[in-house]
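**Q** Structure below; questions to follow.
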Amino acid sequence: MDTRSLVGRITIPTPCEMRWEDMKGDARVRHCEACKLSVHNLSEMTTSEVEALLQPGGRVCARLYRRWDGTVVTGDCRRVWEQQRTEARTLLGTAMTVTAALAFIVVIGVLTVMLYGDNLRRMFGARAGGVDLGSSPPPGRLVPAPKVVNGRYSN
């Protein structure tokens, strides 16, 4: 017994020569003047509608699309694809918003340090970011440069 769904087992032994565009009807069903049958567009129908249409013993004309892997495209495929596209769009928008917010926070931090760095050092002392910058000389007093003796610094 074939375990594939009925939609997956569809075969067309003799494809019709009539063009879909030349038939009268809508996107789901059109009438073929050559065979006097209704031609159903399976890509506009759900899988359950297709399975109800393709009951054994009847003659059915259908228009279908097959993917490269052999599966038949139904209307369910389009709904799933649209849902996934909407979810991806939402996820991308959220990621962009979070990235922009983090970039804004970094820019504000950098601007704060650039504009108010001296005031921050006065408020919090000579320590900045957990690193001891050493004691700063009092204003107006020059610190002598270290002396180099035999390639080494000395006091």
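**Q** Could you do me a favour and compute the accessible area per residue for the range 14-85, 1.4 Å probe, result in Å²?
**A** Value for the range 14-85: 69 Å² per residue.
**Q** Report ³J(HN,Hα) in whole Hz for each residue of the range 68-75, in order, from the Karplus equation J = 6.51 cos²θ - 1.76 cosθ + 1.60 where θ = phi - 60°; Gly and Pro get x.
**A** For the range 68-75, the Karplus-derived couplings read 4, 8, x, 6, 8, 7, 10, x Hz, x marking Gly and Pro.
**Q** Expressed as a whole percentage, what fraction of the accessible surface of the range 16-111 belongs to carbon and sulfur atoms when a 1.4 Å probe is rolled over the protein heavy atoms?
**A** 62
**Q** What's the extension gain from Val148 to His31 if we count 0.36 nm per residue and subtract their Cα-Cα distance?
**A** Taking 0.36 nm per residue and subtracting the Cα distance, the gain is 32.1 nm.
**Q** Only Cα pairs under 8 Å and at least 6 apart count here; give the relative contact order of the range 33-72 as a rounded whole percent.
**A** 47 percent.
The values are calculated or read from the model by the stated rules, or taken from the named source; none is laboratory data. Quantities reported herein were computed from a predicted structural model and do not represent experimental measurements. Only protein heavy atoms, including side chains, enter the accessible area calculation; ligands, DNA and RNA are left aside. Shrake-Rupley method; radii C 1.70, N 1.55, O 1.52, S 1.80 Å.
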